[in-house]
1. Hey, what number do you get for the chain at 222 nm if only DSSP H runs of n ≥ 4 count, each worth -39500 (n - 2.57), divided across all residues, to the nearest 500?
2. Given a 1.4 Å probe and the protein chains all in place, what does the accessible area of I5 round to, in Å² to the nearest 10?
3. Report the FRET efficiency, 1/(1 + (r/R0)^6), for S67 and V27, where r is their Cβ-Cβ distance and R0 is 25 Å, rounded to 0.05.
4. Residue by residue through the range 59-67, what is 3J(HN,Hα) from phi via Karplus (6.51 cos²θ - 1.76 cosθ + 1.60, θ = phi - 60°)? Round to whole Hz and write x for glycine and proline.
5. If you plug each phi of the range 102-108 into the Karplus form 6.51 cos²θ - 1.76 cosθ + 1.60 with θ = phi - 60°, what whole-Hz ³J(HN,Hα) values come out, in order, with x for Gly and Pro?
6. Using a 1.4 angstrom probe and counting only protein chains, how large is the accessible area of T147 in Å², to 10?
7. Whole-Hz Karplus ³J(HN,Hα) for the range 128-137, in order, using 6.51 cos²θ - 1.76 cosθ + 1.60 and θ = phi - 60°, x for Gly and Pro?
8. Can you tell me the dipole magnitude for the chain around its Cα centre, using point charges on the Cβ only (Lys, Arg +1; Asp, Glu -1), in Debye to the nearest 20?
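The values are calculated or read from the model by the stated rules, or taken from the named source; none is laboratory data. Just so it is clear, the model here is predicted, and its values are computed rather than measured. Cβ coordinates were reconstructed from backbone atoms using ideal geometry, including for glycine residues, and neighbour counts include every protein chain displayed. Note: areas computed on protein heavy atoms with side chains; ligands, DNA, RNA excluded. Shrake-Rupley method; radii C 1.70, N 1.55, O 1.52, S 1.80 Å.
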Amino acid sequence: MKPFIHNHQFNAIKRSVDTLQRTYNTVADKKVIEAAKYSAEGLVEELFKEKTAEQEQLFKPLFEHKSKIEYDHALNALQPYLLPLSGVTEGAIKKLFPKVKKLKVPDLSALSFVSLTYLGWIDAGSNKLYMVYDYQGKVAGIEARFTIAGKKNICSLCNGYGEVALVTAISKAKLHNSPDYYKAVGNYMCTDSMLCNTRITDITYLEKFFEEIICS
């Protein structure tokens, strides 16, 4: 069986079945347990609408009442089927940002690409955030201004609450009658992109952000 699970989907599954397993272990009401199980199964159905019988069997153990060790084993069984963030090499990254002469590319050999929905890193010297993402089958990059918020808030990418920064990028959109026109697009995002990647369960805003910057 080939890999078929994206990082954000794995995070969503893990969050849902974590809740289910806690319900199994802390709630006596069978109706509440059934509702939690139905919710977890429904999430997987929504994420993978055309599952094969083999894929169905892979998920099945997650919905059963298990010990912590057994549950962790069932979750780890998904690992071989995670899809890595593809097309991200040092050469590809440098091509995405040709105007940045002293681009500091992160150590890619130290990264687990199956645990990444997007790659993000900060250049503290210039207060810039660089983001790389497989947008519609093609590796795309965004260079954005990175301003620490100074207080905790909700990240627009992962919806997690924590340390955030205001991330602002300039859209490539141009108006024929106004060559000097530009549009800035920004929102709060995690200061720690690796942490963000462990929490992101939906790529809707990430896709929208890239669309607004590179396609508008």
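1. For the chain, the value works out to -10500 deg cm²/dmol.
2. 0
3. 0.90
4. Result, ordered by residue: 7, 3, x, 5, 9, 8, 6, 9, 6 Hz.
5. Each residue's phi maps through the Karplus curve to give 10, 5, 9, 7, x, 6, 5 Hz.
6. Solvent-accessible area, nearest 10 Å²: 70 Å².
7. Working through the residues one at a time gives 10, 10, 10, 10, 10, 8, 7, 8, 6, x Hz.
8. 700
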